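Reviewing the structure listed below.
The values are calculated or read from the model by the stated rules, or taken from the named source; none is laboratory data. Keep in mind that this is a model prediction, so the values were computed, not measured. As a convention, Cβ positions derive from the backbone with ideal geometry for all residues, glycine included, and neighbour counts pool all protein chains shown.
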Amino acid sequence: MYSGGNDWVKTIDLTRKATLDANGKITEAIGSIEPDIQFTQNTIGIYVESVTADPNWFLAGTIFQGFPVPFGSAGFAEGEEFRVILRRYMIYRFTKYPDIGETKYLLSFTPRWYIKDIHFQAWQYIGTNQGATLDSLAALGQQEVAQTVKLQSSVNKLQTSINKLIKANNG
């Protein structure tokens, strides 16, 4: 499903460095990377690397999804979050993706405080199979329940008819 290279669009490609003292110690950690880029698809690809990170380090940081909100002064409400692994391509499908007309969101990446440099890349999957969201799964679940209730009613009627036939034959 995700194998088509033309179905991925690189949306973010940024490098950041921490402020170091003369001894190479971090005096100011890399802050959150919050590019002003709106995502419109619920499936993304992420890759994060660090030239100076120890080879045994695995955690790069955390991705936060932010939705614009029409209330309050913050401007964005947090959606989902997930941890990002260093030097590993990751595909993530957001399931709290709103299904009510507002389909844009921002990403915020917060690197771990001990990382001295970071190269952060993100892609959007624009292919045809975006997968299910929680809203669409809930609607599907409601349809399944309604269908099950209808089938159970038919089974109950059939059982009643069978019981009447058995009673009439034994009667």
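The figures follow:
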| quantity | calculated |
| --- | --- |
| Failed condition for F120, given (1) in contact with a Ser or Thr (Cβ under 6 Å, 6 or more places away or on another chain); (2) under 17 Å from I44 (Cβ atoms); (3) at pLDDT 95 or above | (1) |
| Some residue of the stretch 47-56 being assigned by TED's automatic domain parsing to the domain that holds A18, more than 16 Å from the chain's Cα centre (by Cα), under 19 Å from I12 (Cβ atoms) and assigned to a strand (DSSP E or B) | yes |
| Of the criteria (1) crowded, with 16+ Cβ neighbours inside 10 Å; (2) assigned to a strand (DSSP E or B); (3) under 15 Å from the mean Cα position of the chain (by Cα), which one I91 fails | (1) |
| Selection from the stretch 63-72 of residues that are assigned to a strand (DSSP E or B) and at pLDDT below 90 | G66, F67, P68 |
| Where T110 falls short, out of the listed (1) modelled with pLDDT under 95; (2) of a type in the set (S, T, Y); (3) buried (at least 16 other Cβ atoms within 10 Å of the Cβ) | (1) |
| Total residues in the stretch 1-46, condition assigned to a loop (DSSP other than H, G, I, E, B) and more than 24 Å from E81 (Cα to Cα) | 7 |
| Given (1) modelled with pLDDT under 95; (2) touching a Pro at 6+ places or on another chain (Cβ under 8 Å); (3) surrounded by 16 or more Cβ atoms within 10 Å (Cβ to Cβ), number of the condition A60 does not satisfy | (1) |
| Checklist (1) free of Cβ contacts under 8 Å to residues at least 40 places away in the same chain; (2) in contact with an Asp or Glu (Cβ under 8 Å, 6 or more places away or on another chain) applied to E78, failing item | (2) |
